[in-house]
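Below: one structure, written as structure tokens.
FYI, it's all coordinate maths here, none of it is from the lab. Every value quoted in this text rests on a predicted model; they were computed, and no experiment measured them. For neighbour counting, all protein chains shown are included, and Cβ atoms are generated from backbone atoms with ideal geometry for every residue, glycine included.
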Amino acid sequence: PVEAPGSTKMPFRCEGDVKVFEVTAGIVMSTFDRTYEPGPIYTWGYNGNNPGPVMEFLEGEKLKIIFKNELPEQTTLHYHGLELPFNQDGAAGHSQLSVKPGESFVYEFQVNQSGTFMYHSGENIAKQLSLGL
């Protein structure tokens, strides 16, 4: 099991031998420091969380990640460091078209390595990572 203090684990379902995750990028109300007098702030995150929840999978598993964009601008989902088919890498403008607001994209690949990796936006990275993706 993965230990990620302060993070939740993303639920999944199985479709035969495929592990299916649903990931939604959206606006999130975040509290990082309870002593911050103005209170929570708006950030961007995944599945209502910032940082996004942990996706736990094993080497050799087949994944299907249904990604929905509920942000006010286009974005993608990039799996930093995972060896993937080029068209599943989430590098906007390079390996896939951006996912427009209100649209979805399905990533499907088999995990070929073990380790700890992060996922983040692959679009307008300076802005979107700074906002929480």
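Below are the figures for this structure:
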| item | result |
| --- | --- |
| Order by protection proxy (mean Cβ within 10 Å, highest first), peptides 35-45, 70-80, 86-96 | 70-80, 86-96, 35-45 |
| q = 0.18 Å⁻¹: log10 I(q)/I(0) that the Debye formula gives for region 44-99, counting C-alpha atoms only | -0.73 |
| Within the chain, helix-based [θ] at 222 nm, where runs of 4 or more DSSP H residues each add -39,500 (n - 2.57), nearest 500 | -1000 deg cm²/dmol |
| Entries in Lys62/Lys100; Lys19/Lys100; Lys9/Lys127; Lys19/Lys127; Lys62/Lys127; Lys64/Lys100 that, when Cα-Cα distance is taken, lie over 22 Å | Lys62/Lys100; Lys19/Lys100; Lys9/Lys127; Lys19/Lys127; Lys62/Lys127 |
| Pairwise label distance in nanometres, Glu22 with His80, each label 7 Å out on the Cα-Cβ vector | 2.7 nm |
| Per-q log10 I(q)/I(0), region 1-77, q = 0.23, 0.26 Å⁻¹ (Debye; single scatterer per alpha-carbon; no solvent) | -1.11, -1.23 |
| Under-5 Å amide H pairs with Met55, H placed in peptide plane, nonlocal only | Met10 |
| Stretchable slack from Leu58 to His94, in nm (0.36 nm times residue separation minus alpha-carbon distance) | 10.2 nm |
